[in-house]
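The values are calculated or read from the model by the stated rules, or taken from the named source; none is laboratory data. It should be emphasised that the depicted structure is a prediction, and the values quoted were computed from it without experimental measurement. Cβ placement follows ideal geometry from the backbone for every residue including glycine, while neighbour counts extend to all protein chains displayed. SASA here: full protein model, heavy atoms, side chains in, ligands and nucleic acids out. Shrake-Rupley method; radii C 1.70, N 1.55, O 1.52, S 1.80 Å.
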Amino acid sequence: MTLIGLSTASVYPESTAHAFGYAAQLGYDAVEVMVGIDSLSQQTSAIKQLIDHHEMPVCAIHAPCLLWTQRVWGTEPWGKLERSADLALEVGADVVVVHPPFRWQREYAAGFVDGIAALESSTGIAFAVENMYPWRASSRRGMEMYLPSWDPSQHNYANTTIDLSHAAIAGSDVIEMADRLGRRLRHVHLTDGSGSAKDEHLVPGRGVMRAGEFLGHLAERDFAGHIILEINTRRCSTRDERIADLAASLAFAREHFAVRTN
């Protein structure tokens, strides 16, 4: 059964604990924990308490591989992925979301594809490699900042993630990408983007990525992975405004992730 979950990143600058509360209040199926600078997100015992208190499962762990989490759990990338898998196993998640290495992480990048496969084999956890994007300013030309590539469909990963905001920056057609990935698409970060150079993470339906059509396409192809709302609510001026965006995102996902009959 496909779970529709909430990423804890969606409530930043509020905490991991707030994310669990919102997810339970609004009727999400599960939570994806972004391991980051919030100390609660790094602690197995704290996450277990949140699971129990809110009766809200964790379906995925997002490894600390963003620029601003480069020093979370140390600086050795494989060690961070191993700790992410340990956390996933402890809290009952079956997916670890991971970004491809940065360009300057050449040794890590050189063995990344095989290393991910080895981790999946040794842990039983799906490491769903996420699509990223060329870094660019105002033009459509960009600089490759990820190795071996920002596009996971170009490599033989067993499990992958499509993020619609990242695809908007790259100018990628997410329906075509999903078709290229086929059954290797395990995880979705449902959001939106306008096609600018910014990683906007808009509420789905408020951008140009045909998010509703994408969800319908997945439903028709019996997608059985997780759909995680990962939106940016930092500009919300009140708690009520944040709740409204989180509720609208969930309603959008439930409405459009259905097999079309006409």
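Put simply, segment 120-262 fits an ellipsoid with semi-axes of 23, 21, 15 Å; these come from the alpha carbon gyration tensor as the roots of five times its eigenvalues, largest first. Just the protein heavy atoms count here, and of the accessible area of segment 147-262 at 1.4 Å, carbon and sulfur take up 46 percent. Starting from the Cα of residue 2, move 7 Å in the Cα-to-Cβ direction to define the label point; list residues of segment 227-255 whose amide nitrogen is under 20 Å from there. Under cut-off, by backbone N: 227-231, 246-255. Working note: Debye formula, equal point scatterers on the alpha-carbon atoms of segment 79-139, no solvent; log10 I(q)/I(0) at q = 0.18, 0.19, 0.21, 0.30 Å⁻¹ is -0.67, -0.73, -0.85, -1.35.
When the P(r) of segment 173-251 is calculated, the portion above 22 Å amounts to 27% of the C-alpha pairs. By how many nm would the segment from residue 236 to residue 221 lengthen if fully extended, with 0.36 nm per residue of separation less the alpha-carbon distance? Contour length minus the Cα-Cα distance gives 1.9 nm.
Among the trypsin sites (Lys or Arg not before Pro) in segment 138-217, those located in a DSSP loop and surrounded by at most 13 other Cβ atoms within 10 Å of their own Cβ are 140, 141, 198. When you filter the trypsin sites (Lys or Arg not before Pro) in segment 1-94 for DSSP loop state and at most 10 other Cβ atoms inside 10 Å of their Cβ, you are left with 71. Taking only the Cα atoms of segment 16-126, the radius of gyration and Dmax are 14.3, 44 Å.
With a simple spin-label model that places each label point 7 Å from the Cα along the Cα-to-Cβ direction, the separation between residue 49 and residue 15 comes to 0.9 nm. What percent of all Cα-Cα pairs in segment 144-211 falls into each 5 Å bin, going from 0 up to the bin containing the maximum distance? Pairs per bin, as whole percents: 4, 19, 28, 25, 17, 7, 1. What the Cα convex hull of segment 50-204 gives, in volume per residue, is 125 Å³. Only helical runs count toward this figure. For the chain, summing -39,500 (n - 2.57) over DSSP H runs of n ≥ 4 and dividing by all residues gives -11000 deg cm²/dmol at 222 nm. Considering only GluC sites (Glu not before Pro) in DSSP loops that have at most 15 other Cβ atoms within 10 Å, the longest stretch of the chain without any of them is 145-262.
Ordered by 1.4 Å accessible area with all protein chains kept, 226, 155 run largest first as 155, 226. The stretch between residue 156 and residue 208, if pulled fully straight at 0.36 nm per residue, gains 15.8 nm over its current Cα-Cα span.
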